[in-house]
Each structure stands twice: as C-alpha cells, then as structure tokens.
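K.L.:
Shown below is the structure under consideration.
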Amino acid sequence: MTLGTLFAQITDYASRADPYPLYAALRASPVSRQDDGSYLVSTYYEVRSLANDPRLSNDLRNRTPGADGPAMSEEDTNLPPSFLFQDPPGHDRLRNAAMRPFGPPHSPRFLHNLRGELARVVAELFDGLEGKDEIDVVDDFAYPLPVTAICKVLGVPREDEQRFHGWADTVASGLDPSGGPRGAEKAQQARRELGVYLSGLIDTKRRRNGSGILGPLARETGPGGTMSTTELVSTAILLLIAGHETTVNLISNATLTLLRHPEVLERFRKEPELVVPLVEEVLRYEPPVQFIPFTTALADIDVAGTTIPKGAPVRLMLASANRDPKRFEDPDRFDPDRADNQHLGFYTGIHYCFGAPLARMEAQLALPELFRRIKNPRLLADPPPYRANPVLRGPRHLPVAIDGLTAP
C-alpha cells in the first residue's frame, strides 16, 4: 500500500464497511498526490482552509478533461448547473435566492412549521410496521421519510407524492454505480420526467402560491432577480438528491452506531433530549458524505508543504478530517458528550449543505421515536450491506430483529 494508491482502496467496495483505517493511513501526509493525478486533502485544518479558499472551484467546466471519478450527483446536461456546481457570483445569486423562502432570516418559521407534519409522517411509518418481528430500517423508515419531507418543502400536492416517490427512487438508484449503463439510463429518464413535472408545478405556483418554497421562489424579485424555471428545476432536483440521500444515510448510520453502542443507546432511551448532540456526533463519526470529489484548483495552491498545481482535481476527505486526532481527542470513539464538536459532516464555506437544517430536524424527530417504539432491537447483519456509492456512504439495507412495537 502506498499513499498514491489509497484513493483507489478507499473507493473499493471491499472497504465500504470500514474505510477508517485507510483514512488514518492517508493522514500521514495532509496532502497526497494519487496515481490518477488527483490530490487528496485528509486533515481537518487543511480541509477546512481549502473549503473556504476561492482558488478551489466547484464548477465542472474547470475540470481537466478526463478527470472523472465519483460525484455526489450527476448533473442533467439539459438543465443549467445547480448552484452546487457553480462558483461565485452565479452560485451566490442562486443560493441566496433559494435560501430566502427556506429559512432564516427571511422565513424563520418555515422549517418550524413543518415539524408537526413530519412528526405525523414518522407516526404513519410506524403504523406500517405493526405485527412485524423484523424490519429494514432503511427501506421501512429512513428512506421514505426524507422524500416525503422534500415533497412538503417543495409543495408537491399530496395526490402527486406517490409519483414523486417513484421518480426519487429511480434518480437515487442512478447514483449507485453497480446499476451500470441501464441504471444510469433509467435515472436520466426519471430526471427528464421529474423536470417536466416540476416545470408544470412551478408554473402553477407562479400563478397561485399554495404551500412550499417553489411559489415564493418563482415570484422572487430580491437583489438577485427572479430565478428562471430551469434554474428552479435544477435547484429542486439538487434538494431532492443531495437532501434525500444524505438524510437517509444520517438516520441509517445513526441507528447502526447506536445498536453498536448499547450503553449509549440505553442512555438515549432514558434521555431523548440527548438527540441533538448525538446527531452532531454521528455527523462527525459516520458522516453521510465521505468526501467532496469534484473540486479543481484554479491556481497553484500551497498546502502543508505541498503545491497543488493549477488544474489538478482535488478531493476533500471530510470523513478523514472528522477523525483527525490533531482536532478531535480520541477521534475513533463515539461520544455524544464531545465538546466543541465543529465537525465537517455538512461541509463548510459557501457550499455548506443547503439542506442541513432540514436533515437535522428529520433525524432529531426520527431517532427518539424509532428507539421509543421498537422493542429490543438486534442487528441481523453487522456489517450490513452498504451502498455502492463511495461518496454517499450508508447501509443499503439495515435488517433489525424486534419484539414488536410499543404503543404510540
């Protein structure tokens, strides 16, 4: 094993269940050039610095030809790039517009007002588990909750939610490289159908608002001007893919971690208010996004004694940085009482996760109720089967034996 081959090993499916020893080896050098010409940045302060460095670009047009590799989502070439794949000033215009109806300071109660609806969704999911002695935490719980949440955020009518779920499932499956060309083709078709549907929904909400953020966004006339319909569609699809997949993994990784740490789980059952620091520690300890795979150096950048040359692909290894012993004491220990937990689970800088407040709220609603309702949960597979995607890391299935459910 050499530093130059570590990325190939980290992304190899054989390492998916436990990549952390490879990250520890990677941190021997804060910046390492890989055999494919990319540069991995693996230590906390260096990742944080580069994530806030304007010389690092998310714009895919700046990538060196042939610099492929895993991406968090594949963009639809029929749509303008979402703000995730733009640099300022285009990024700032679109993101700032998207944030206005989504949260503070312009819409401080938007997410708060969703809590009751999402709590009812959680309760309905448990209704479907009655009589079972075995559940799949991913398929039965962690997967359907975020799609329903995003439907409510966007203002998808209830009668259309089932269709939206179908498109979301197919688009998400396209992120799994094991599906091959056929899976990618089906995902692109679902994107096109979803784009047509969202365009119609945006047009409807432009004329009469209704619920969700699409109506206000369609009529937004703030400092950045109005977003075009195609820009709105790109933003909605970004929220669907990035927001859904990361939240599925957050809830699944948290459940798996708690079942592996029975002493913490026992305390959590008695102290459900522990959920806030617990979720933050899961984001550090088992982050749903392992690394940022698509950035490019716009100039020569000197980092920790290494020069990353202009045009080089740069991969910021968030999961490695989150276990850097120079930043976190005893980093391989799961500790919800950890002080000053400034993890990079939702990234940092101008590309800090747009949906982080929603993901946190969903996990904080879901986890206490999950462990209040299921009796005597036991893992049926450890490690469980993982998703093939090395960026969005989480169990594909999480089978758990239970002794039934407690009353609502």
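K.L.:
Between SER199, SER32, SER320, where does the largest GNM mean-square fluctuation fall for the chain, given springs only between Cα atoms within less than 10 Å?
P.N.:
The residue that fluctuates most here is SER199.
K.L.:
Whats the longest run of the chain with zero GluC sites (Glu not before Pro) that are DSSP loop and have at most 11 other Cβ atoms within 10 Å?
P.N.:
The reported range is 131-328.
K.L.:
Calculate, for the chain, the solvent-accessible area per residue in square angstrom, rolling a 1.4 angstrom probe over the heavy atoms of the protein chains.
P.N.:
Roughly 41 Å² per residue, with all protein chains present.
K.L.:
So for the chain: antiparallel DSSP bridges make up what percent, rounded to the nearest 5?
P.N.:
Expressed as a percentage, antiparallel bridges in the chain total about 85.
K.L.:
Provide the per-residue ³J(HN,Hα) series for segment 26-38, in order, calculated from phi with Karplus coefficients 6.51, -1.76, 1.60 and θ = phi - 60°, each as a whole number of Hz, with x at glycine and proline positions.
P.N.:
5, 6, 4, 10, x, 10, 9, 7, 8, 4, 8, x, 7
K.L.:
Still on this structure, please answer the following. If I compute solvent accessible area with a 1.4 Å probe over the protein chains, what percent of it on the chain is carbon and sulfur? Don't skip to the end; give the middle numbers.
P.N.:
On the way: 8640 of 16640 Å².
Answer for the chain: carbon and sulfur cover 52 percent of the accessible area.
K.L.:
If you filter segment 314-379 for trypsin sites (Lys or Arg not before Pro), then keep DSSP loop positions with at most 16 other Cβ within 10 Å, what is left?
P.N.:
Here the trypsin sites (Lys or Arg not before Pro) that fit, given the DSSP loop and packing criteria, are LYS326, ARG333, LYS375.
K.L.:
Would you indicate which of [x] 59, 54, 43; [y] 63, 50, 47; [z] 75, 54, 36 is the value of Cα extents along the principal axes in Å derived from the coordinates of this structure?
P.N.:
[x]
K.L.:
Still on this model: In nm, give the distance between the simple-model label positions of GLU266 and ARG182, each being 7 Å from the Cα along the Cα-to-Cβ direction.
P.N.:
With each label point 7 Å from Cα toward Cβ, the separation is 4.9 nm.
K.L.:
In whole Hz and in residue order, list the ³J(HN,Hα) couplings for segment 150-158 that follow from phi through the Karplus curve 6.51 cos²θ - 1.76 cosθ + 1.60, θ = phi - 60°; x for Gly and Pro.
P.N.:
Values, residue by residue: 5, 4, 6, 5, 6, x, 5, x, 4 Hz.
The values are calculated or read from the model by the stated rules, or taken from the named source; none is laboratory data. All figures in this text were calculated on a predicted structure; none of them were measured in a lab. No Cβ is skipped: glycine too gets one built from the backbone with ideal geometry, and neighbour counts run over all protein chains shown. Note: areas computed on protein heavy atoms with side chains; ligands, DNA, RNA excluded. Shrake-Rupley method; radii C 1.70, N 1.55, O 1.52, S 1.80 Å.
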